[in-house]
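This report refers to the structure that appears directly beneath it.
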């Protein structure tokens with residue numbers, strides 16, 4: 001099969017290449033998926049570069065990548081299942097989290113797959129698993145967003161942010177999205193009640209919010225707290241500083257500690273990849289409340305270009321690889 005692989009850590013254009021490789025072998029609790037499309041998410045970059053360094057001791061390989069194939073968000077058709085798998089069944093259309101998704105076939109744990117939403121194409125479905133699950137858990141579990149609450153979403157135009165805006169609206173919140181000038185129209189089209197252009201205005205220009213989802217920008221905790229209501233909740237979903245050792249994770253460590261001494265709840269999200277939440281996401285999608293926002297699709301051979309585009313911060317929503 002054709003697959004995007006790497007043998008050393010580094011940036012996409014330097015280390016990724018398209019090769020003919022053997023189909024992956026599945027374990028008893030795994031599924032072999034014939035991939036139709038694969039999403040590009042920030043986690044791909046972390047695994048590809050081995051940054052920040054702690055990721056290398058989390059099972060991905062210390063000096064070189066443990067697994068050669070890249071890509072995790074997938075949508076496709078079940079080709080075969082391990083002997084312990086009762087669902088999904090061969091021939092079923094699925095979406096979820098796999099290993100080595102930038103390929104014609106990938107393996108995935110059965111408990112990280114769900115039936116593909118009936119109203120989505122494979123390309124749309126592939127945009128959702130990692131990014132939309134992160135957004136759902138940030139809104140529902142981290143922020144505990146309720147009807148009529150005011151929610152500020154920093155990084156509203158990115159892969160996670162575009163889903164977070166729609167999910168927060170589905171939960172009945174009044175949503176303010178933060179993005180750059182070129183992406184204001186996109187965020188408005190997703191249903192945001194208000195949009196702050198961070199190149200012109202500060203995040204505090206809209207008042208104080210019941211919940212802040214910080215998906216990008218690496219603003220200081222002090223700065224974020226100024227925009228947060230006295231008893232509000234901050235959820236740190238992501239932040240990139242380029243640091244090799246912590247890469248922005250330092251705020252996620254400091255926030256819960258500071259929360260012990262102030263009236264505001266300051267937390268960091270730990271994403272859980274599971275089929276139950278994929279099914280909950282499917283319900284939102286099939287009801288028409290959530291639709292993946294895709295900027296463009298790329299053929300498999302152009303995967304390095306797609307990843308580089310994401311890393312540069314220019315993407316408007318999700319990027320998807322078609323197989």
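The values are calculated or read from the model by the stated rules, or taken from the named source; none is laboratory data. Model, not experiment: these values are computed from the prediction. Ideal geometry is used to build each Cβ from the backbone, glycine not excepted, and the neighbour counts take in all protein chains shown.
Since residue 238 meets every condition but one in (1) over 17 Å from the mean Cα position of the chain (by Cα); (2) at pLDDT below 95, which condition does it not meet?
Status for residue 238: all satisfied but (1).
The rows are residues; the columns are (1) in contact (Cβ under 8 Å) with a residue 60 or more places away in the chain; (2) crowded, with 22+ Cβ neighbours inside 10 Å; (3) not assigned by TED's automatic domain parsing to the domain that holds residue 155.
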site: 184; (1), (2), (3): no, no, no
site: 191; (1), (2), (3): no, no, no
site: 196; (1), (2), (3): no, yes, no
site: 203; (1), (2), (3): no, no, no
site: 217; (1), (2), (3): yes, no, no
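Please work out if residue 141 is assigned by TED's automatic domain parsing to the domain that holds residue 234 and surrounded by fewer than 24 Cβ atoms within 10 Å (Cβ to Cβ).
yes
Go through (1) buried (at least 19 other Cβ atoms within 10 Å of the Cβ); (2) under 19 Å from residue 139 (Cβ atoms) and name the single condition residue 283 misses.
(1)
Scan the range 89-110 residue by residue and report those that are without any contact (Cβ under 8 Å) to a residue 60 or more places away in the chain and under 19 Å from residue 132 (Cβ atoms).
93
Considering only residues that are surrounded by 15 or more Cβ atoms within 10 Å (Cβ to Cβ) and either more than 20 Å from residue 102 (Cβ to Cβ) or more than 21 Å from the chain's Cα centre (by Cα) (or both), which ones fall in the range 55-64?
Those that are surrounded by 15 or more Cβ atoms within 10 Å (Cβ to Cβ) and either more than 20 Å from residue 102 (Cβ to Cβ) or more than 21 Å from the chain's Cα centre (by Cα) (or both): 56, 61.
Would the range 72-79 turn up any residue that is in a loop (DSSP other than H, G, I, E, B), over 23 Å from residue 322 (Cα atoms), free of Cβ contacts under 8 Å to residues at least 60 places away in the same chain and touching a helix residue (DSSP H, G or I) at 6+ places or on another chain (Cβ under 9 Å)?
No, because not a single residue in the range 72-79 is in a loop (DSSP other than H, G, I, E, B), over 23 Å from residue 322 (Cα atoms), free of Cβ contacts under 8 Å to residues at least 60 places away in the same chain and touching a helix residue (DSSP H, G or I) at 6+ places or on another chain (Cβ under 9 Å).
For the range 255-279, how many residues are touching a helix residue (DSSP H, G or I) at 6+ places or on another chain (Cβ under 7 Å) and exposed (fewer than 15 other Cβ atoms within 10 Å of the Cβ)?
1
Hey, does the range 33-52 have a residue that's out of contact with any strand residue (DSSP E or B) (no Cβ under 6 Å at 6 or more places or on another chain) and more than 25 Å from residue 302 (Cβ to Cβ)?
Scanning the range 33-52, I find at least one residue that is out of contact with any strand residue (DSSP E or B) (no Cβ under 6 Å at 6 or more places or on another chain) and more than 25 Å from residue 302 (Cβ to Cβ), so the answer is yes.
Taking the conditions exactly as written (closer than 30 Å to residue 111 by Cα and not in a loop (DSSP other than H, G, I, E, B)), does residue 257 satisfy them or not?
It is false that residue 257 is closer than 30 Å to residue 111 by Cα and not in a loop (DSSP other than H, G, I, E, B).
So which residues in the range 260-282 are part of a loop (DSSP other than H, G, I, E, B), closer than 26 Å to residue 114 by Cα and without any contact (Cβ under 8 Å) to a residue 60 or more places away in the chain?
270
For the condition in contact with a strand residue (DSSP E or B) (Cβ under 8 Å, 6 or more places away or on another chain) and touching a residue at least 40 places away in the same chain (Cβ under 8 Å), what is the one hit in 7, 29?
29
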